[in-house]
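K.L.:
Quick one: structure below, then a few questions.
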Amino acid sequence: MKIAPPAFLTDPSVLRLLDALPKARIVGGAVRDTLAARPVADIDLATPQLPAEVAAALAKAGIRSVPTGLDHGTLTAVLRGRGFEITTLRRDVATDGRRAKVAFTTDWQEDSARRDFTINAMSMTRDGTVYDYFGGAEDLRAGVVRFVGDAAARVAEDYLRILRFFRFFARYGTAAPDPAALEAIRCGIPGLAGLSVERIWNELSGLLALPDPGPAVASMANLGILVALLPEGASPGGLLRLLAMNAPCEAVLRLAALLTGDAMAVAVRLKLSAVDRDRLVALRRPSTVTPNDDDDALRRALADEDPATLVGRAWLAGHGVLAARLAAMPRPVFPLVGRHIVAACIPPGPRVGALLREVRAWWRARGCVDGADACMAELRRGMAL
């Protein structure tokens, strides 16, 4: 199949690479997203040349390369601060459900056969010729996510493909999930236990960050994948409600909506970053505001707590209007600091902190709207007592 060469094939950096490696083709996501009329992000290449030959050809062309995965035939070319992965054609020699031992090949179809889904197994030459050995273009048009060849074999090669299936289904699937894929996935669920939690969270967060992960997550729950991933307790109901309200597209917020169990236990087990861990735990705490609160009460809450957490809790509670009210309010900031006390000729010491706390309590009780002058006047009244 031949198409009009996409815009990225006019990119000077891409053209330099293809000039240096005339046997190379564009592979993977760039081909898939071109055919799906979606924005292209990363551009990866494959070539029948061996890694040492690739490195030598790049060096001859004045292109810097970094050996980012030589065991699997991958190096990264760097042009204008941008990285392009270039991988020698491969075939699997042995797999253990997590990683593969590979051998190099010069057969494009053999390399395509080891890829996960048909929509990811296509390649393209610089003139727009698309090589599609397994019907990926047709599956893309039909909204079908299908494993290349035998689904059970593809899953057994790397059990992370179970999660990748649902991520790609959430992004490209419009038809019912492929029955052969679902059966292979169901049989492969025990293999998820052998995956690193970092890989699991990377895929799960990628799924949750998509515009509409709801049907995919519901299918995961029905198959028993959700309980395998989140044994602390999870249900798609909260996520589906959150999605129905058009809440922000944020992975940690959506994880909080999924959870029914201990958020800290989940965060620790999945090795979330400190920022994501703290946000998840904070989101799962009870909300301190309600839809009936007036603006003074909301300002007090915003002054005391992280605004993003308050907004997120409102979404999780099903209060979209409240979330919008909170998001639209600037966070009140108490206008006095220590230098104001010093300017009032109060010597440094415990009395400074006590006075600031007293005036802040007064400012807060009045709805957090008074400015520095009013607060200074209250400070002087307190001093006079």
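Laboratory data are not the source of any read-out in this text; all were calculated from the coordinates shown. For clarity, every value in this text was computed on a predicted model and none was experimentally measured. Because the Cβ atoms are built from the backbone with ideal geometry, glycine has one as well, and the counts that use them run over all protein chains shown.
K.L.:
Cut-off is 10 Å between beta-carbons; in what order do Ile162, Ile225 appear when sorted fewest neighbours first?
P.N.:
Listing Ile162, Ile225 from fewest to most nearby Cβ atoms yields Ile225, Ile162.
K.L.:
Using only Cα atoms, locate the centre of region 328-348 and the centre of region 220-249, then give the distance between them in Å, rounded to an integer.
P.N.:
Cα centroid of region 328-348 versus Cα centroid of region 220-249: 44 Å apart.
K.L.:
Charges on Cβ only, +1 for Lys and Arg, -1 for Asp and Glu, centred on the Cα centroid of the chain; of Pro236, Pro286, Ser13, which one is farthest towards the dipole's positive end?
P.N.:
So the residue furthest toward the plus end is Pro286.
K.L.:
Please list, in order along region 271-283, the HN-Hα scalar couplings obtained from phi with the Karplus expression 6.51 cos²θ - 1.76 cosθ + 1.60 (θ = phi - 60°), rounded to whole Hz, x for Gly and Pro.
P.N.:
6, 5, 4, 4, 5, 5, 4, 5, 5, 4, 5, 5, 5
K.L.:
Report the dimensions of region 105-231 along its three principal axes from the alpha-carbon atoms, largest first, rounded to Å.
P.N.:
For region 105-231, the Cα extents along the three principal axes come out at 49, 30, 26 Å.
K.L.:
Roughly how large, in nm² to one decimal, is the mean projection of the convex hull of the alpha-carbon atoms in region 161-255?
P.N.:
5.7
K.L.:
Comparing Pro179, Pro248, Pro39, which has the greatest mean-square fluctuation in the GNM of the chain with Cα pairs linked when under 10 Å apart?
P.N.:
Maximum among the listed residues: Pro39.
K.L.:
Let me ask another. Given H placed on each backbone N at 1.01 Å, which residues far from Phe117 in sequence or on other chains put an amide H within less than 5 Å of it?
P.N.:
Excluding prolines and chain starts, which carry no amide H, the hits are Val148.
K.L.:
Which ³J(HN,Hα) values in Hz, rounded to whole numbers, follow from the phi angles of region 358-365 under the Karplus curve 6.51 cos²θ - 1.76 cosθ + 1.60, where θ = phi - 60° and Gly and Pro get x?
P.N.:
Once rounded to whole Hz, the list reads 5, 5, 5, 4, 4, 4, 5, 4.
K.L.:
What is the ratio of the Cα radius of gyration of the chain to 2.2 N^0.38 Å, where N is its residue count, to two decimals?
P.N.:
1.32
K.L.:
Right, something else. Rounded to the nearest 20 debye, what is the charge dipole size of the chain about its Cα centre when +1 sits on each Lys and Arg Cβ and -1 on each Asp and Glu Cβ? All intermediate terms of the calculation are to be shown ahead of the outcome.
P.N.:
On the way: 48 positive and 42 negative charges, 174 e Å.
Rounded to the nearest 20 debye, it is 840 debye.
K.L.:
May I pose another question? Just want the ordering: Trp108, Trp363, Trp315, from fewest to most Cβ atoms lying within 10 Å of their own Cβ.
P.N.:
Taking fewest neighbouring Cβ atoms as first place, the list is Trp108, Trp363, Trp315.
K.L.:
I need the semi-axes of the equivalent ellipsoid of region 286-356: take the C-alpha gyration tensor, multiply each eigenvalue by 5, square-root it, list largest first in whole angstrom.
P.N.:
The answer is 34, 11, 9 Å, longest axis first.
K.L.:
Considering the Cα trace of region 237-385, what is its radius of gyration and what is Dmax, both in angstroms?
P.N.:
Rg then Dmax for region 237-385, in Å: 19.4, 59.
K.L.:
Taking just the C-alpha trace of region 54-177, give me its Rg and Dmax in Å.
P.N.:
Computed over the Cα atoms of region 54-177, radius of gyration and Dmax are 16.1, 50 Å.
K.L.:
Over all directions, what mean area does the Cα convex hull of region 123-194 project, stated in square nanometres?
P.N.:
5.4
K.L.:
Dividing the convex hull volume of the Cα atoms of region 338-384 by its residue count, what figure in Å³ per residue is obtained?
P.N.:
64
K.L.:
Where both residues lie in the chain, what percent of DSSP beta bridges are antiparallel, nearest 5?
P.N.:
Here the share of antiparallel DSSP bridges comes out near 85 percent.
K.L.:
Who wins for biggest fluctuation among Val352, Val66, Val333 in a Gaussian network model of the chain, springs between alpha carbons below 10 Å?
P.N.:
Val352
K.L.:
List Ser112, Ser287 from most exposed to least, where exposure is judged by having the fewest other Cβ atoms within 10 Å.
P.N.:
Exposure proxy ranking, most exposed first: Ser287, Ser112.
K.L.:
Just to confirm a number: summing +1 for Lys and Arg and -1 for Asp and Glu over residues other than Ile26 whose beta-carbon lies under 12 angstrom from that of Ile26, what do you get?
P.N.:
For residues surrounding Ile26, the net value is -3.
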